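No lab work stands behind these numbers, since they all come straight from the coordinates. What you see is a predicted model; the values in this text were computed from it and never measured. Quick reminder, even Gly has a Cβ in these numbers, built from the backbone with ideal geometry, and neighbours come from all protein chains shown.
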Number of protein chains: 2
Amino acid sequence: MPGGLGKMLAGRESDQEQSVVLRLNSYRRLSDAGVAAIRAAARERVLKAGAGEEIAGEGDRADTIRMFLSGWACRYKALEDGRRQIVSLILPGDTCDAHIYLLSTMDHSILTLTPIVYSELDRAAFERLISADITVAEAFHCEMLAARAVEREWAVNLGRRDALERVAHIICELYERLRVVGQVDGSSFAFPVTQMDLADTTGLSTVHLNRTLQELRAAGLITLRDRNLTIHDLQALRSAAMFNPNYLHLDQK
Amino acid sequence: MPGGLGKMLAGRESDQEQSVVLRLNSYRRLSDAGVAAIRAAARERVLKAGAGEEIAGEGDRADTIRMFLSGWACRYKALEDGRRQIVSLILPGDTCDAHIYLLSTMDHSILTLTPIVYSELDRAAFERLISADITVAEAFHCEMLAARAVEREWAVNLGRRDALERVAHIICELYERLRVVGQVDGSSFAFPVTQMDLADTTGLSTVHLNRTLQELRAAGLITLRDRNLTIHDLQALRSAAMFNPNYLHLDQK
DNA sequence: CGGCTGATTGATCCCGGTCAAATGAGGTGG
DNA sequence: CCACCTCATTTGACCGGGATCAATCAGCCG
């Protein structure tokens, strides 16, 4: 952590911007000025949304950058006949679509999975933010590269892993990503997605997803109850998934 | 095209940098100075590689930006047990991994599928290039955003489309992407990938991929012979794939 | 209490994987 | 020019993971 980060966090436990700072700082050691700039930018235009709200739709004009402060969301694409694929999960601290204003329209939709708090930046605000401090600009670039790497890993998941591996792999990934932003308590974390959502991220039917979860439970690897997930044997879960965390590019520094 | 682009292309038919300029210019109208800067940068360090060469491996230091001038390559990830997923196809004119030097290591490998010519830029050269001209910087950003969108579409392909749709979809995509860089002749284009490669991009077995291709041939949609693919009925192929080209973000301007 | 959403279970089916072999097309050395 | 090898494509037979269809169950809320 940069010299001032600890101090800036002290006494601000409920501080909404914290996850964004933690996340970006995990990619690039942020300067004190950079941290302050991010905090200031994140406080400009804070919005809330309930669960199940589509905050951006395929075809919409793409001109808004969003920093997600709390809650979960996802990107998905729907086919005409109702099939749906979730192509990424958006967690607290994630920033969506830096530089997106260079494209004309959204090619997918963003849907909240829980009630969320996020802050919106328009092009001018975002460009001001990244031009103020080089560590901030680099951190946003890193985040974009890492997000892309995650989406590629999902392609591997969907194309070449069987149901058990897919589900185990996603769980390992979420564990790591949530840990960075302080959302993991021991080996448990809030897991607020429905089985239908999880089926659409793993490319499975809800029925088979349910059976796969039961398999993981029966093997003693996880407990999932009341929207809370506990990993009982991380090593075993990782090896069941053939999980290698390199692609997350955490703790670059 | 910008005022000078036509002129600059004139009389340089065999010009290797042309595809890169065409590609970037399709995202962002490049200034004459920008075109010149790209051409100059692309001539600095030109390399060749044969078919089937791994020009970058998972775990390697990530510090080189590559502009692909001719030939096809792919990114892939291999699992320990030999399963392999191709996560993107790299076509002439594509630039790989702008800003990649911000990450420490490659999380996947790059493999040539045909003999290729490409040019390498180190961090300094790339930063010089994008800081010289705003249209160039924006074009590279656009390309990165579009490449990411393509990777997301592949996740949809792998997760929610059946074999016939997957193969038809990839073919539609390649047709559009190659058209932009002038590699399509009528409704035919060079298609230099083996069925094994195509199986690894569509998440199918070679056997089933072969049968799927035959199905497309039997339906009169395509001919694939001698590494050359012809689309006989683009409308029908598109509707079989439920193909919507929006995600390619071509011709933004 | 009724209605709704999400989780679970059971039975059946089929798409696509696997295994194995045959066919074809270069390429190369004798 | 032919024998032989390798790599890619094709075909056939069989099998199984996961989809589909259909109920049932469990919270939760008004």
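At a glance:
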item	result
The protein assembly as shown: mean projected area of Cα convex hull, nm²	23.0
Calculated SAXS-style log₁₀ I(q)/I(0) at q = 0.23, 0.25 Å⁻¹ - the range A:49-119, Debye, Cα scatterers	-1.04, -1.19
Exercise: per-residue mean of other protein chain Cβ atoms within 10 Å, B:141-154	6
Inter-part distance where the range A:178-253 and the range B:117-151 are each reduced to a Cα centre, Å	36
Chain A: radius of gyration over Cα atoms, expressed as a fraction of 2.2 N^0.38 Å	1.00
Pseudo-label separations to other copies for B:V46 - Cα-to-Cβ vector, 7 Å, nm	5.6
Mean Cβ count within 10 Å, highest first, over the residues of peptides A:28-37, B:175-184, B:144-153, A:53-62	B:144-153, A:28-37, B:175-184, A:53-62
The range A:3-152 - charge dipole about Cα centre, Lys and Arg +1 at Cβ, Asp and Glu -1, debye rounded to 20	380
Between helix B:134-160 and chain B: long-axis angle, C-alpha atoms, 0 to 90°, nearest 10	10
Low-density loop cleavage sites - chymotrypsin sites (Phe, Trp or Tyr not before Pro) in the range A:120-173, where at most 12 other Cβ are within 10 Å (DSSP)	none
Helical mean residue ellipticity (222 nm; -39500 (n - 2.57) per DSSP H run of 4+; nearest 500) of chain A	-14000 deg cm²/dmol
Derived scalar couplings ³J(HN,Hα) [the range A:214-229; Karplus, 6.51 cos²θ - 1.76 cosθ + 1.60; whole Hz; x for Gly, Pro]	5, 5, 5, 5, 4, 7, x, 7, 9, 10, 9, 8, 6, 6, 9, 10
Inter-copy separations for A:A125, label at 7 Å along Cα-Cβ, nm, ascending	4.0
Positive-pole candidate from A:S19, A:T64, A:Y118, dipole of chain A, charges at beta carbon	A:S19
Neighbouring partner chain Cβ atoms per residue of A:73-86, average, 10 Å criterion	3
Degrees, to the nearest 10: B:32-44 long Cα axis against longest axis of chain B	80
Semi-axis lengths, Å, the range A:163-248, gyration tensor of Cα atoms, sqrt of 5 times eigenvalues	18, 14, 13
Amide H contacts of B:V87 (H built 1.01 Å from N, under 5 Å, at least 5 apart or other chain)	B:R75, B:Y76, B:K77
